[in-house]
Each structure stands twice: as structure tokens, then as C-alpha cells.
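The values are calculated or read from the model by the stated rules, or taken from the named source; none is laboratory data. All values derive from a computational prediction rather than experimental measurement. Don't worry about glycine lacking a Cβ; one is built from the backbone with ideal geometry, like all the others, and counts go over all protein chains shown. Quick note on the areas: whole protein, heavy atoms, side chains included, nothing else; ligands and nucleic acids left out. Shrake-Rupley method; radii C 1.70, N 1.55, O 1.52, S 1.80 Å.
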Amino acid sequence: MKKILVVDDDINICELIGLYLRKEGYEVVFAHDGKSAIDVLGREISNLVILDIMLPEMDGWDVCTEMKKISDIPIIMLSAKGDTFDKVLGLKLGADDYMVKPFEPRELIARIDAVLRRTYGSTISTKSISLPNLYIDLDKYIARIDDEHMKLPKKEMELLYFLVKNKGKVFTREQLIDNIWGMDFFGDTRTIDVHVKRLREKLSRLSDKYNIKTIWGVGYKFEII
């Protein structure tokens with residue numbers, strides 16, 4: 001799992017970015033000021049930094065400069081300013097991309113994927129999981145057990161990937177809705193029950209090793225039997 005360092009003093013923005021990044025299979029760590037960000041980079045291995053410009057302690061420009069002194073880690077800068085001068089300055093300081101707030105989270109994810117591909121090439125693979133006899137590739141929307149492909153609609157595929165990636169961990173319906181459908185979902189949380197029922201049926205037809213278990217009164221977890 002690839003790790004993203006998110007540097008922003010706005011807790012709400014951090015939570016939103018974190019939600020979408022975890023859904024896409026990334027591990028996320030946070031820093032809320034410039035000095036803390038440099039400290040985190042010095043002690044943890046991260047693969048990319050999302051860096052806000054307006055920060056306490058040190059602004060994003062100085063943080064970017066200091067980070068590039070100690071690491072070649074790719075950086076995507078965030079700013080409320082869309083001036084060409086700011087964009088050019090960020091790129092000159094070593095940033096790999098620049099996004100203006102407010103931004104669409106899915107566009108940010110696409111830019112992260114693009115920067116990681118440019119930086120690491122084919123060594124980056126954040127959306128595939130291999131277990132004995134089970135393989136899931138969310139980039140290609142492939143799921144198979146042994147040589148049998150599972151025919152899954154988009155949301156079933158995403159739900160299976162998320163549960164398998166977090167195997168053994170119990171999630172409530174609300175948590176699954178947030179991670180698969182996003183915070184703008186306004187339907188019935190029982191939607192999860194329908195998708196789980198269908199996934200169980202498809203899994204059971206191909207293997208007796210895997211199951212999505214109901215934890216009564218709590219939610220669901222993926223388990224290896």
C-alpha cells in the first residue's frame with residue numbers, strides 16, 4: 001500500500017482527502033503545519049505529498065523547498081490562488097503539480113495517480129490484491145477466483161475490493177457507504193445488504209474459502225475461512 005502525506009491546517013479538507021485516498025487504496029498520514037510536515041517526512045516513508053501553501057509555522061513554499069533538500073518525493077501543491085505566478089513558482093520550487101481550491105476530489109485522485117506513474121513507473125500498483133486463488137485489480141475492474149472471472153457491477157467490485165483490502169476488519173453500513181459511494185450518498189444504507197448478498201452468492205459459487213461475514217448489530221467483514 002502506497003502512503004500519501006497530506007499537509008493542510010484545515011481538518012475538514014484533510015478528512016475529505018483522506019476519505020477518497022483510502023477508498024482508492026492509499027494509506028494516509030497528516031500534518032497540519034509546515035514544521036510537522038518536515039518532521040513526518042523525515043521519519044516516515046511516504047510516496048507523495050499533498051501540500052497546502054497557506055500553513056502555520058512555515059508556508060508551503062518554504063516547506064516544498066526544505067522537502068526537496070532531503071527527498072525527491074513528488075509534491076502536489078494546493079492553493080486558493082489560481083494565479084499563473086503562483087503556479088510557476090510552485091513548479092520552479094520542485095512541485096510536480098498544482099491544484100486550485102476548491103477542487104473536485106476525483107480530479108485530485110487522477111492527478112495523484114498520474115504523478116505516481118510518472119515518478120515510479122510501473123512499480124506503483126495501488127489497486128490490486130492477490131490472495132490464494134483470489135485476484136482483484138480495481139484499475140482494470142477484474143476479479144477472479146482461480147481462472148474463473150467474477151462478473152461484478154462497478155459498486156460490487158469496489159465493495160469487494162475494499163472489504164478484501166481490509167480483511168478481518170468490521171465496517172458498519174455507514175462506513176461502507178462513505179468509502180464506496182462517498183459523502184454525497186442520500187439513499188438507504190440497506191443498499192449495502194443487497195450488495196453483500198449478491199457478492200456472497202457469487203463468492204460461494206466459486207470458492208468455499210472466502211466469506212463476507214455479518215457481525216450482528218455492527219456490520220460486515222471479509223474473512224478467509
At least 2 residues that are open to solvent by less than 70 Å² (accessible area, probe 1.4 Å), farther than 30 Å from D208 by Cα and out of contact with any Pro (no Cβ under 7 Å at 6 or more places or on another chain) in each: list the strands (runs of 3 or more DSSP E) lying fully within region 88-169 that qualify.
-> 97-100
Total residues in region 204-218, condition at pLDDT below 95 and open to solvent by less than 30 Å² (accessible area, probe 1.4 Å) = 2
Among the residues of region 67-79, is there at least one that is in a helix (DSSP H, G or I) and either touching an Asp or Glu at 6+ places or on another chain (Cβ under 9 Å) or exposed (fewer than 14 other Cβ atoms within 10 Å of the Cβ) (or both)?
-> yes
What are the residues in region 189-218 that are touching a helix residue (DSSP H, G or I) at 6+ places or on another chain (Cβ under 8 Å), part of a loop (DSSP other than H, G, I, E, B) and not polar (S, T, N, Q), if any?
-> R190
Of all residues in region 25-39, which are open to solvent by 70 Å² or more (accessible area, probe 1.4 Å) and within 17 Å of S71 (Cα to Cα)?
-> K35, D39
Single unsatisfied condition, E174 versus (1) within 26 Å of P105 (Cβ to Cβ); (2) touching a residue at least 24 places away in the same chain (Cβ under 8 Å) = (2)
Considering only region 173-203, how many residues are crowded, with 16+ Cβ neighbours inside 10 Å, aliphatic (A, V, I, L, M) and under 19 Å from the mean Cα position of the chain (by Cα)?
-> 3
